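As structure tokens, the structure follows; a few thoughts come after it.
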Amino acid sequence: MNWAILILAGLFEVSFTFCLGKAKNTIGTESTYWYIGFFIALVLSMLLLMKAIETIPLGTAYAVWTGIGAVGTTLIGIFIFKDPANFWRIFFIILLISSIVGLKAVSTK
């Protein structure tokens, strides 16, 4: 169950970075709403990460959490914010996903 919680925490990490990107591209009240979304997603991500490390080793949980955030944020950057998607970016995203799966596979808990 805590692996599902950790994945959800990682998805909230992606959410708070997405909110930051949207807030940067807006003004006024709309920007304020994105910053509120950022804060809510940040708090939820941290609370879920705290819950997940109760049974998952801290180093593994943190690496998986940041990996999900890095992959998700990079993909959002490519698909939503039109960041460049060249061969090496895609190669390293795949390598990062493989590393996350590998950490899950060798985890003792």
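Okay, here's what the table says:
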item	result
Residues of the range 65-95 satisfying the condition of being at negative phi, outside any helix (DSSP H, G or I) and charged (D, E, K, R)	Asp83
Boolean, Leu44 is under 16 Å from the mean Cα position of the chain (by Cα) and touching a residue at least 40 places away in the same chain (Cβ under 8 Å)	no
Checking Leu95 against (1) among the aliphatic types (A, V, I, L, M); (2) within 26 Å of Trp3 (Cβ to Cβ); (3) touching a residue at least 12 places away in the same chain (Cβ under 8 Å), the condition it does not meet	(3)
Only listed residue being in contact (Cβ under 8 Å) with a residue 60 or more places away in the chain and not hydrophobic (A, V, I, L, M, F, W, C), chosen from Gly72, Gly59	Gly72
Some residue of the range 16-29 being assigned to a helix (DSSP H, G or I) and within 25 Å of Gly102 (Cβ to Cβ)	yes
Hey, Ile36 in a helix (DSSP H, G or I), more than 16 Å from the chain's Cα centre (by Cα) and either of a type in the set (A, V, I, L, M, F, W, C) or crowded, with 19+ Cβ neighbours inside 10 Å (or both) or not	yes
Tally, over the range 1-28, of residues that are hydroxyl-bearing (Ser, Thr, Tyr) and either farther than 21 Å from Phe81 by Cα or crowded, with 18+ Cβ neighbours inside 10 Å (or both)	2
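Values quoted throughout were computed directly from the atomic coordinates according to the rules given, and no laboratory measurement underlies them. Being a predicted model, the structure only gives us computed values, none of them experimental. Because the Cβ atoms are built from the backbone with ideal geometry, glycine has one as well, and the counts that use them run over all protein chains shown.
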